[in-house]
Amino acid sequence: MAMRKIVQIDENKCNGCGVCVPSCAEGAIKIIDGKAKLLSDNLCDGLGACLGDCPMDAITIIEREAEEFDEEAVKVHLGHDQKDAHQQGHHHGHHHGGGCPGSQLRMLNKSSAQSTAVVENGDVEIKIKSQLQQWPVQLMLVPPTAPYFEGADLLVTADCVPFAYPNYHLDILKGKKVVIGCPKLDDVSFYATKLTQIMKMNEIKSVTVAFMEVPCCTGIVRAVEKAIGDSGKNIPLHRVRIGIEGEASKF
């Protein structure tokens, strides 16, 4: 053990937004139980690359007794983390955690995209190209400072909507940057805070919220309305309500 500089995370300030996670090349930070945690002292180089990316100012550099930074341990950690991400992605479809390749920011190039959904009816074949422009989309994972939010038409979608509304990609998603969530299973106040950060840190041209007709789903509408109010900006809001049988009404 030696006195050295190392990251300190104030859990009282941290809101679990995850912006710091991809900023740490060593994968030393992970979101655990809704808070950012330093996984091990020897994984942190103490240089503070993650500092400027925390919107809550929850990360600082302090001096204390700590294990020396270990590059070999980092290589082992990153290798295992990628393996775990692959295995968990194979079994569960997603992985939350530090250094996960699946949560890295990506702009998707639609001009070169080859994947399509195909609908066939006798001799008629219809191909629909995905309209998704960015990754990730889960509101719990996207950083408010993601570059694709600047100047965007933002779509906030309750996660049942794409299943219930068959023309989601062309009628609702097209031309927009999207975040998704479930207001029944997740913390709506966290949604409101995260959306407020996105709106404050970027010039959002408009917001569309797509939600199901069931009562609990209006929570995501309230989160969007609160976020627009708390952002202090005059952002046009469009609401799209989807019935459980697939019909849409816009207002």
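No value in this document is a laboratory result; all are computed from the given coordinates. Computed from a predicted model, the values in this text were never measured in an experiment. As a convention, Cβ positions derive from the backbone with ideal geometry for all residues, glycine included, and neighbour counts pool all protein chains shown.
Please say if the stretch 105-250 is rounded, prolate or oblate, where rounded means a/c under 1.5 for a ≥ b ≥ c the square roots of the C-alpha gyration tensor eigenvalues, and otherwise the choice is prolate for a/b larger than b/c and oblate otherwise?
Oblate shape, in that a/c is at least 1.5 and b/c is the bigger or equal ratio.
Once amide H atoms are placed 1.01 Å from N in the peptide plane, what residues at a sequence separation of 5 or more from Ser130, or on another chain, have their amide H within under 5 Å of its amide H?
Counting only residues 5 or more places away or on other chains, the set is Ala117.
Taking θ = phi - 60°, what integer Hz values does the Karplus form 6.51 cos²θ - 1.76 cosθ + 1.60 yield along the stretch 54-67, in sequence order, with x for Gly and Pro?
With the stated coefficients, the stretch 54-67 comes to 8, x, 9, 6, 8, 10, 9, 9, 10, 10, 7, 5, 7, 4 Hz.
Sort Glu150, Glu72 so the one with the fewest other Cβ atoms within 10 Å of its own Cβ comes first.
Placing the least packed residue first, the sequence is Glu72, Glu150.
If I stretch the segment between Glu203 and Asp230 completely, what's the gain in nm (0.36 nm per residue apart, minus their alpha carbon distance), one decimal?
Full extension from Glu203 to Asp230 adds 8.3 nm.
Report the label-to-label distance for Arg106 and Leu237 in nanometres (one decimal), using points 7 Å from each Cα along the Cα→Cβ vector.
3.3 nm
Please give, to one decimal in nm, the separation of the simple spin-label points placed at Lys250 and Asp171, each 7 Å out from Cα toward the Cβ.
1.0 nm
Glu68 versus Ala2, label points 7 Å from Cα toward the beta carbon: distance in nm?
Computed distance between label sites Glu68 and Ala2 equals 0.5 nm.
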